[in-house]
Amino acid sequence: MHHRDHQSERGVVRSGLVLTAVLCLVELAGGFLTNSLALVSDAAHMLTDSAALALTLFALWIGTRPANPSKTFGYYRAEILAALVNGVVLWVVVFFIVVEAWRRMRQPPAVLGGGMLAFATLGLGVNAVVALRLRGHGSRSLNLRAAYLHVLSDLLGSAGAVGAGVTILLTGWTPADAVVSLMIAGLILLGSWTLVRESVDVLMEGVPAHIDIDRLRDALEGVEGTDEVHDLHVWSLTTGHYALSAHAVVRDHVDDDTVLARMADLCAREFRIDHVTIQIEHESRRMAEPAH
């Protein structure tokens, strides 16, 4: 299980939000000054990313709130919901990038290549700084990975705009930014698909990817004094926090508390499951269950 520093995570997202919002305004102004639709589109993209970072920051805040009688698990899933929303927003961004790229290829606009290159280079530098700061936290949370993917798509967009600006300056071929935009859209779609799939898997309470359910069952049944483990369920509360519930049939002569302690230790040590609920049963109770 990852040990997370929520205060550090919020600081990284907060600084990224400020830099992205400022850059959005700068690129918007640059787009109008240079007549660059690429810069205006990238500014609109950054506006959606600013909203995504704000949503990420909100989820990080609410996710640390304690459990209460109506939310007995707390607000862990707020991060997963934010990740899902951010992933879907990335799909919407991809749609508009493709539509705009197709329009530009058919009717290439006149662009001031030098000014476009200057503003795009500025955007590339700022996005690189924000992406590097978020990268170290992306593996610890789907929500932070969503924010990282948003900023990474901005970084790719700025790199594409730089490449298109250089091409326009050297050759005058203005459809270059449309071609680059289509390549970027494909990369964004690939990353966001994984993000959405993992988010849905958590919300559907699927078995975490790192856990082999059969191996887990065999390990639990291997605890001394255990005859059978059934009604076994494993799911993710949020990224890095896993829960298990099960019924364990034990022999009459064993100490129930000892079996529970060994199973909990096994789950934490070998499978990184930190929330374990196991109902200890004896043969007479197991046969009385409706499932049997």
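Each reported figure results from applying straightforward, stated rules to the coordinates on display, with no laboratory input. All figures in this text were calculated on a predicted structure; none of them were measured in a lab. Positions of Cβ are backbone-derived with ideal geometry, glycine not excepted, and every protein chain shown enters the neighbour counts.
Every condition in (1) assigned to a loop (DSSP other than H, G, I, E, B); (2) β-branched (Val, Ile, Thr); (3) under 30 Å from TRP235 (Cα atoms) holds for VAL196 except the one numbered (1).
Of the set (1) of a type outside the set (S, T, N, Q); (2) exposed (fewer than 14 other Cβ atoms within 10 Å of the Cβ); (3) outside any helix (DSSP H, G or I), all apply to HIS247 but (2). The set of residues in segment 262-283 that are surrounded by 15 or more Cβ atoms within 10 Å (Cβ to Cβ) and more than 17 Å from HIS241 (Cβ to Cβ) comprises ARG262, MET263, LEU266, ILE278, ILE280, GLU281. Of all residues being without any contact (Cβ under 8 Å) to a residue 60 or more places away in the chain and within 28 Å of the chain's Cα centre (by Cα) in segment 173-189, which is surrounded by the most Cβ atoms within 10 Å (Cβ to Cβ)? Just the residue, please. By that ranking, first place goes to VAL180.
Keeping to segment 62-100, report how many residues are charged (D, E, K, R) and part of a loop (DSSP other than H, G, I, E, B). Qualifying residue count, segment 62-100: 1.
Scanning segment 207-220 for residues that are surrounded by fewer than 16 Cβ atoms within 10 Å (Cβ to Cβ) and either among the acidic types (Asp, Glu) or in a loop (DSSP other than H, G, I, E, B) (or both) turns up ALA209, HIS210, ASP212, ASP214, ASP218. Here segment 31-90 is the region considered, the condition is being in contact (Cβ under 8 Å) with a residue 60 or more places away in the chain and out of contact with any helix residue (DSSP H, G or I) (no Cβ under 8 Å at 6 or more places or on another chain), and the residue that is surrounded by the most Cβ atoms within 10 Å (Cβ to Cβ) is ASN35.
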